[in-house]
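The values are calculated or read from the model by the stated rules, or taken from the named source; none is laboratory data. The model shown is predicted, which means the values in this text are computed figures rather than measured ones. With ideal geometry, Cβ positions are generated from the backbone for all residues, glycine too; neighbour counts draw on all protein chains shown. Ligands, DNA and RNA are stripped out before the accessible areas are found, and what is left, the full protein with its side chains, is counted by its heavy atoms. Shrake-Rupley method; radii C 1.70, N 1.55, O 1.52, S 1.80 Å.
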Amino acid sequence: MNDFIAIENIQAVLDRKVLLPTVVMWNRLEGRPRTRNFTRALRAEIRDPLWMLCKQWQTGEFKGDDAGSPIFAKAHMATTELTQYQPGDAAVTEFDKSAPLEAIVEQRPLPYSGQQHILSLDIRLLMGRQWLKYLQSAGLSALKPQYLQHARYRIAEPDPDNRNDAFITAHPMVWQSFSAMASRAMDGANLYFYLKVDSQNHAYDGIALADAGDKAILDGLAGKFMQWYEQLFYQPSQGENDAWQPRQLEYQFAVSAPQNDAEKVMVAEEYYQGRLDWYNLDVDQDRQSLGSDNGSTVEGKTTLSFFPTAIQFEGMPHTRWWTFEEGKTNFGDIKPDTTDINKLLLMEFGLIYANDWFLVPFQLPVGAIANVEGLAVTNVFGERIWVTASGSGNDENWQRWAMYNLSIKGSENIRADTSLVLLPTVPKIQEGRPVDELWLVRDEVANMVWGIERSIPLATGRSKPGNEAGRELFSRLERILDSEIEGGLVTPEIPESSAAIRYQLMQGVPENWIPMIPVHLDNNNREIQLQRASMPRIILGDPNPPEKIKPRTVLLRQGLNDQPPQPYYLHEEEVPRAGVQITQAYQRTRWHNGQVFCWLGVKKQTGRGEGHSGLAFDRVQSTRQRLRRALRPPAE
């Protein structure tokens, strides 16, 4: 044992400990068994609990702010529900709660036609087989050959010598699929479009019927067929409910709910992430309504009295002795970095403040907005406390902290919105392979933006890399020109020259590189925007004027399928220096009632930097190479 150390000036030592506090001694209270039976020792019995209470009172533990637990609470809730929906600048419609909000917002029309050829052959054949099944179930199988050979529903075989069919014959697997299905399968999409465009059209038009009574049967099958297809794919009706904004490359929509004899309007102006929730919405106080009064009264106020229940979760520290936590969730094994603020907050909540949270149950329907107008809590000491929302105060106060609260559009010093919106969304969505994939990159050398079609939809419904599809199409057009020259249909215009070098006006670019050139805004000489342009497809020896290379992705063909074709403009600020990547793919999810929803949606994310197309002008080339290969678009 160490010798006793005497301190001459104890006061000086104590004064020093005030500056440098430390723990120099401690006591440990534990059960110490004196017999072979550990049962009594493990009980941790207290002989004089009153003495321990007095010591707690003496040390001031009863004066702690968080010593009391709530035993009774009363809340006054104000609720309302979403009643109206507006996609972009389209007409206001009634809010539909029978479908996930992601499907309602992201839905886009399925591509059935492209550049002078059909698309989505797989869906067309699926619809055709379904119609033929309906005929067989109704005892009308004898009409099947007429539908297969009808000019409106027949799958035509592509002509290998026709330039318009080069988009099909350029790809061997696509050509094989069309040749195999020609006159053997039915195009069900054309039947659906024919019935949808006019209510006076019938499925038996152009079909010879043996019995006039079969018309009523076919009309019933046509309604059943249209209902089946519209339930199979969720898409806007004739593009009316399309919330996609091509100029901004994002979705825009607005929802509203009745509130205090007016409407609470919430807008989402930049949604493109593919995961829709409360943080995508902002309260727009400048709009009093969406412009349509449906007369709905879904507001309500409820006062609830309940007993607060402590929150419990796996892995939380247990408050009793000799009780071990759940080992499946080990908060102590989390190894966050200094920048992982979310992980640090989660650990602090789970390990320190887990027993300070209580559950206040209140059920809300899907699509509801709730606001706690008052909450009174009574603790074990009989104290009644009025609890206010943590996010209340000025909306522009940077020290205000809140979670699951909506932001208010604008920067005015107004009161924050503390309501909670429960959107009808789904936690998980299955996403297929991209049907369209478009990269927008800046080319500082050419001083323009290029739309690189990374994935191009083929006529069969599948996709192919854009550079590979472009080379196959160019080669196919070359072979068609060779056959026309050999057949004497055209005369090549290739001048003969014995010079060792030649002058080349322009160096070609890959066919999947679509230029977006800067143009001035209307009536503005300073601000610019990007306009879709075209590169010429130059095939040496072709006497026809060079064709303009048109995009093949649905995302970049905006307006080309209209009659007459419309130009496509893009806001210049939407393409940063890093570029953007846009993908369009099929989405699938299951709703709370078990119904399956499939739709075509778009996502956008940051690109991978700038790019260079290799576009060059006024070059001198050697004549040793083949003249035709000299102007062939280079590989990407």
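For the chain, carbon and sulfur atoms together expose 51% of the accessible surface, with a 1.4 angstrom probe and every protein chain in place.
With a threshold of 21 Å on the Cα-Cα distance, the over-threshold entries among 74/409; 133/215; 97/264; 196/550 are 74/409; 196/550.
Using only the alpha-carbon atoms, how far is helix 466-486 inclined from the longest principal axis of the chain? Give it as 0 to 90 degrees, nearest 10. Long axis of 466-486 versus the principal axis of the chain: about 0 degrees. Near residue 72, the amide H atoms lying under 5 Å from its own belong to 378; only residues 5 or more places off or on other chains count, and H is placed 1.01 Å from N.
When shorter helices are ignored and each DSSP H run of at least 4 residues is given -39500 (n - 2.57), the per-residue value for the chain at 222 nm works out to -6000 deg cm²/dmol. Computed with a 1.4 Å probe on the full set of protein chains, the accessible area for residue 301 sits at about 130 Å². Comparing 336, 452, 246 along the charge dipole axis of the chain, the residue lying farthest to the positive side is 336, per the Cβ-charge model. Please work out the average accessible area per residue across the chain, using the 1.4 Å probe convention, and give it in Å². With all protein chains present, the chain gives 61 Å² per residue. The alpha-carbon positions of region 144-221 define a convex hull whose volume is 107 Å³ per residue.
To the nearest ten degrees, helix 121-137 and the longest principal axis of the Cα atoms of the chain are 90 degrees apart.
Sorting 129, 619 by solvent-accessible area of protein heavy atoms yields 129, 619, largest first, with a 1.4 Å probe. Taking the Cα centre of region 67-132 as origin and assigning +1 to Lys and Arg Cβ atoms and -1 to Asp and Glu Cβ atoms, the resulting dipole is close to 200 debye.
Region 82-149 and region 444-461 have Cα centres lying 27 Å from one another. Enclosing the Cα atoms of the chain in their convex hull gives a volume equal to 356 cubic angstrom per residue.
Counting Lys +1, Arg +1, Asp -1, Glu -1, what net charge surrounds residue 81 among other residues with beta carbon under 15 Å of its beta carbon? Neighbourhood net charge equals -1. For the chain, the longest principal axis of the Cα atoms and the long axis of helix 214-232 meet at an angle of about 50 degrees.
Within the set of other residues whose C-beta is less than 13 Å from the C-beta of residue 235, count the net charge using Lys and Arg as +1 and Asp and Glu as -1. With Lys, Arg at +1 and Asp, Glu at -1, the net is -2.
Annotation: amide H-H contacts under 5 Å for residue 455 (H modelled 1.01 Å from N, sequence separation of 5 or more, or interchain): 437, 466. Here the dipole of the chain is about 2160 debye; that uses its Cα centre as origin and unit charges on the Cβ of Lys and Arg (positive) and Asp and Glu (negative). The P(r) of region 212-287 has a tail past 17 Å containing 66 percent of all C-alpha pairs.
For region 516-528, putting each phi into the Karplus relation 6.51 cos²θ - 1.76 cosθ + 1.60 with θ = phi - 60° gives couplings of 10, 8, x, 9, 6, 5, 4, 6, 8, 9, 10, 7, 10 Hz, in residue order, rounded to whole numbers and with x for Gly and Pro.
Here residue 603 is the anchor, and the lysines within straight C-alpha reach of less than 21 Å, apart from those fewer than 8 places off in the same chain, are 428, 464. Between the beta carbons of residue 373 and residue 54, assuming R0 = 41 Å, the FRET efficiency works out to 0.40 to the nearest 0.05.
Near residue 504, the amide H atoms lying under 5 Å from its own belong to 619, 620, 621; only residues 5 or more places off or on other chains count, and H is placed 1.01 Å from N. For the chain, the residue among 560, 9, 204 whose Cα projects farthest onto the positive side of the dipole built from Cβ charges is 9. Across region 279-288, computed HN-Hα scalar couplings (Karplus, 6.51 cos²θ - 1.76 cosθ + 1.60, θ = phi - 60°) run 6, 7, 9, 10, 7, 9, 7, 6, 9, 7 Hz from first to last residue, x flagging Gly and Pro.
Select from 600, 298, 402 the residue farthest towards the positive end of the dipole of the chain; place +1 on Cβ of Lys and Arg, -1 on Cβ of Asp and Glu, and compute about the Cα centre. So the residue furthest toward the plus end is 600. Per-residue surface analysis assigns residue 221 an accessible area of about 20 Å², computed on protein heavy atoms at 1.4 Å probe radius.
Overall form of region 386-453: oblate. Here a/c, set by the Cα gyration tensor axes a ≥ b ≥ c, is 1.5 or more, and a/b is not larger than b/c. For region 434-440, backbone phi angles converted through the Karplus equation (6.51, -1.76, 1.60; θ = phi - 60°) give residue-by-residue couplings of x, 6, 10, 9, 10, 10, 10 Hz, Gly and Pro being listed as x.
Histogrammed with a bin width of 10 Å, the alpha carbon distances of region 406-489 distribute as 12, 19, 19, 21, 15, 7, 5, 2, 0 percent, first bin at zero.
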